[in-house]
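Down below is the structure, laid out as structure tokens.
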Amino acid sequence: FEQPVQSIAGLMQFDPNSTSPGRARIRGVVTLHGRELFVRDSAGGSIQVSETLAHEPVAPGDEVEVSGFPSLGDYSAVMRDSLVRRVDRRERPAWVDVTAEQALTGAHDAELVRIRGRLLDRIDTGAEHLLVLQDGAHVFNAGWETDGSDDWGQIASVRQGSVIDVVGVCL
């Protein structure tokens, strides 16, 4: 945590003064915490924090500092081998409304989004729940890990063909 705080957008930029890729530090608000941690900084950049080495319990709305090694993910930077510490409590950042077509561009990777879609199917794998949704010509999945709660019961009562909004992190 001795490195200066960087913006998420600047993590993968070339630095001619750097001799090797090293640890970086970011600061932002937790948008989602599950198997992975997702953070949005004050400039609006979002990042997935994976392979955390250690961190205290955090929840959406917690302001955190993350010290880790940035690497290139599918569409944007990912922090790996990270240490996370909570520094304050804020409101959970609001989501961004996007269409499935906008989400598929990768421009909203790791960002908290809301997408509207027509429910085509529901799949329960035991470890994960999936909703199969359609927005225009695009079919996509909205999935979440099961946590032992009975959240599937509420979803199972929604009729196929219903138009619903889903909020989550875009991957």
- prompt: What number, rounded to the nearest 500 deg cm²/dmol, is the helix-based mean residue ellipticity at 222 nm of the chain, given -39500 (n - 2.57) per DSSP H run of at least four residues and division by all its residues?
  reply: -1000 deg cm²/dmol
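Hull surface divided by four, with the convex hull built on the Cα atoms of region 76-165: how many nm²? Spell out each step's value before the answer.
Numbers: hull surface 32.1 nm².
Its Cα hull, projected and averaged over all orientations, spans 8.0 nm².
Shape of region 54-94 from its Cα gyration tensor (a ≥ b ≥ c, root eigenvalues): rounded if a/c is under 1.5, otherwise prolate when a/b > b/c, or oblate?
Details: a/c = 3.02, a/b = 1.47, b/c = 2.05.
Note, shape of region 54-94 comes out oblate.
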message: Probe radius 1.4 Å, ligands and nucleic acids left out: which of V158, V5, V58 has the largest accessible area, and how do the rest follow?
response: V5, V158, V58
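What does the convex hull of the Cα atoms of the chain come to per residue, in Å³, rounded to a whole number? Walk me through the numbers before you get to the answer.
Working: hull volume 21.7 nm³, N = 171.
Enclosed volume per residue, from the Cα hull, is 127 Å³.
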message: Amide H of T146 versus every other amide H placed in the peptide plane: which residues, excluding those fewer than 5 positions away on the same chain, fall under 5 Å?
response: E128, H129
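Mind ranking S7, S71 by accessible surface for me, highest first, 1.4 Å probe?
S7, S71
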query: What percentage of the solvent-accessible surface of the chain, computed with a 1.4 Å probe over protein heavy atoms, is contributed by carbon and sulfur atoms?
result: 48
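List the relative contact order of region 51-171 as a percent without decimals, with contacts defined as Cα pairs under 8 Å and 6+ residues apart. Mind showing how you got there, number by number?
Details: 210 pairs, mean separation 26.7, N = 121.
Averaging sequence separation for qualifying contacts and normalising by length gives 22 percent for region 51-171.
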Loop-resident sites, region 94-171, for trypsin sites (Lys or Arg not before Pro), counting at most 16 other Cβ within 10 Å (DSSP): R159
message: For the pair A59/M12, report the inter-label distance in nm, with labels modelled 7 Å from Cα in the Cβ direction.
response: 3.3
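What ranking of M12, M79 comes out by heavy-atom accessible area, probe 1.4 Å, highest first?
Ranked list, largest accessible area first: M12, M79.
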field: Whole-Å distance, taken between Cα centres, linking region 99-171 and region 45-74
entry: 23
Mean accessible surface per residue for the chain, computed with a 1.4 Å probe while every protein chain stays in place, in Å²: 58
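Are there any GluC sites (Glu not before Pro) in region 90-165 that are in a DSSP loop and have at most 16 other Cβ atoms within 10 Å? List them by number. It would help to have the intermediate numbers written out before the result.
Working: sites: E91, E101, E111, E128, E145; in loops: E91, E111.
In loop regions of region 90-165 (DSSP not H, G, I, E or B), the sparsely surrounded GluC sites (Glu not before Pro) are E91.
The values are calculated or read from the model by the stated rules, or taken from the named source; none is laboratory data. A quick note: this is a predicted structure, and the numbers were derived from the prediction, not measured. Neighbour counts run over all protein chains shown; Cβ positions are idealised from the backbone, glycine included. Side chains included, ligands, DNA and RNA excluded: accessible areas come from the protein's heavy atoms. Shrake-Rupley method; radii C 1.70, N 1.55, O 1.52, S 1.80 Å.
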